[in-house]
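Asker: What follows is a structure written as structure tokens; I'll ask about it next.
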Amino acid sequence: MHASSRAAMEESRASLQEKSQGARSRNHGDVLLTLADELFAVANLLDSQPSLRRALSDASVRPDDRAGLTRRLLSGQLGADTMSVVETVARQRWSRPRDLVEATETLGTEAALDAADARGELEGVEDELFRFGRIVAGDADLARILGDRSAPREGKTALLDRLLSGRVSPVTERLVRNALTSSHVHNPENEVERLSTMAARRRGRSVAHVTSAVPLTAVQEQRLIDVLGRLYGRTMGLQVQVDPDVLGGLVVRVDDEVINGSIAARLEASGRRLAG
């Protein structure tokens with residue numbers, strides 16, 4: 001997002017936080033889940049209606065008039081809290097119409113994570129997202145279908161419902177369904193990983209993605225957590241994937257930084273030196 005849209009996003013986020021704080025203080029996780037559902041529905045509407053998102057991002061129209069348009073269109077279809085957040089979104093100055101879609105999706109995601117927090121499910125949601133990301137990464141056909149932006153939203157939704165319904169928490173189900181049926185999804189594995197990382201940050205943790213040739217013991221995991229915590233100066237969590245192709249050692253990724261200590265990498269480096 002450009003500067004004006006980033007500022008608009010912060011104002012919109014402040015409106016959401018005002019609504020969610022009261023619900024969280026009363027442990028009203030279901031209220032927050034409804035808020036998330038409604039924000040996702042508005043994002044889908046904006047995504048499917050280019051003329052509407054252009055109208056709501058038209059800087060030549062007064063902010064109160066843009067908010068009034070949302071009331072006329074959506075009053076009676078949204079709860080009072082959602083309506084207030086959506087009106088705040090409409091009042092902001094956005095760099096481009098598409099930013100409204102992305103902002104409303106982000107607000108829906110944050111409301112869903114607030115719901116997980118209020119329901120005491122945040123750790124479980126993080127783990128479920130990580131595990132589903134591994135499923136997508138390991139199934140090329142599934143990744144291709146979910147990453148096909150020309151595929152109809154309804155078909156993807158039905159597929160995800162079959163995969164997730166009754167197997168994960170309602171929060172995880174909503175997060176994955178919204179992220180992977182969005183028209184601008186590029187890489188489904190990365191999208192699910194992004195959600196898992198957002199959940200981890202809500203718990204005050206950074207995530208190290210670890211690839212090992214064999215499963216790590218609890219002692220090994222704790223030792224790695226301690227080492228990474230000292231290295232990065234913050235609380236760390238691990239998401240471990242077993243991949244025999246690394247042969248031995250570990251590949252650790254934290255954000256965009258990769259520490260490749262695998263035997264496969266060392267053999268590859270040795271081969272390059274010999275060839276040179």
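Asker: Can you tell me which residue among Arg153, Arg149, Arg71, Arg91 is in contact (Cβ under 8 Å) with a residue 12 or more places away in the chain, crowded, with 16+ Cβ neighbours inside 10 Å and not polar (S, T, N, Q)?
Answerer: Arg91
Asker: Given the conditions (1) in contact (Cβ under 8 Å) with a residue 40 or more places away in the chain; (2) within 17 Å of the chain's Cα centre (by Cα); (3) more than 17 Å from Arg205 (Cβ to Cβ), and given that Val125 satisfies all but one, which numbered condition is not satisfied?
Answerer: (3)
Asker: Shifting gears a bit: Spot the failing condition for Asp139; the list is (1) within 23 Å of Ser48 (Cβ to Cβ); (2) charged (D, E, K, R); (3) out of contact with any Phe, Trp or Tyr (no Cβ under 8 Å at 6 or more places or on another chain), and only one is missed.
Answerer: Answer for Asp139: the failing condition is (1).
Asker: Quick one: count up the residues across region 99-146 that are more than 13 Å from Met9 (Cα to Cα) and either in the same structural domain as His2 (by TED's automatic domain parsing) or not β-branched (Val, Ile, Thr) (or both).
Answerer: Summing the residues that are more than 13 Å from Met9 (Cα to Cα) and either in the same structural domain as His2 (by TED's automatic domain parsing) or not β-branched (Val, Ile, Thr) (or both) in region 99-146 gives 33.
Asker: Continuing with this model, one more query. Scan region 191-220 residue by residue and report those that are polar (S, T, N, Q) and under 9 Å from the mean Cα position of the chain (by Cα).
Answerer: Within region 191-220, Ser196, Thr197 meet the criteria.
Asker: Sort out which residues of region 120-162 are charged (D, E, K, R), closer than 17 Å to Thr172 by Cβ, outside any loop (DSSP other than H, G, I, E, B) and in contact with a Ser or Thr (Cβ under 7 Å, 6 or more places away or on another chain), and write them in order of number.
Answerer: Glu126, Glu128, Lys156
Conditions tested, residue by residue: (1) of a type in the set (Val, Ile, Thr); (2) assigned to a helix (DSSP H, G or I); (3) surrounded by 18 or more Cβ atoms within 10 Å (Cβ to Cβ).
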{"residue": "Asn178", "(1), (2), (3)": "no, yes, yes"}
{"residue": "His186", "(1), (2), (3)": "no, no, no"}
{"residue": "Gly204", "(1), (2), (3)": "no, no, no"}
{"residue": "Val210", "(1), (2), (3)": "yes, no, yes"}
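Asker: Another one. Would you point out which residue out of Ala36, Ala41, Ala67 is of a type outside the set (Val, Ile, Thr), assigned by TED's automatic domain parsing to the domain that holds Leu100 and farther than 18 Å from Arg13 by Cβ?
Answerer: Ala41
Asker: Can you pull out the residues in region 217-255 that are part of a helix (DSSP H, G or I) and either closer than 22 Å to Glu128 by Cα or of a type in the set (A, V, I, L, M) (or both)?
Answerer: Residues satisfying the conditions are Ala218, Val219, Glu221, Gln222, Leu224, Ile225, Val227, Leu228, Leu231, Val246.
Asker: With the condition kept exactly as written, say whether any residue in region 163-171 is within 16 Å of the chain's Cα centre (by Cα) and closer than 16 Å to Phe40 by Cα.
Answerer: Yes.
Asker: With region 1-109 as the region, which helices (runs of 4 or more DSSP H) entirely inside it contain at least 1 residues that are in contact with a Lys or Arg (Cβ under 7 Å, 6 or more places away or on another chain) and small (Gly, Ala, Ser)?
Answerer: Ranges flagged: 3-25, 29-48, 63-74, 80-91.
Asker: Applying the selection to region 79-88, what residues are of a type in the set (D, E, K, R) and free of Cβ contacts under 8 Å to residues at least 60 places away in the same chain?
Answerer: Glu87
Asker: Arg194: part of a helix (DSSP H, G or I) and not β-branched (Val, Ile, Thr), yes or no?
Answerer: Criteria met by Arg194.
The values are calculated or read from the model by the stated rules, or taken from the named source; none is laboratory data. Since the model is a prediction, treat every value here as computed from it, not as a measurement. Positions of Cβ are generated from backbone atoms using ideal geometry, with glycine treated the same way; all protein chains shown enter the neighbour counts.
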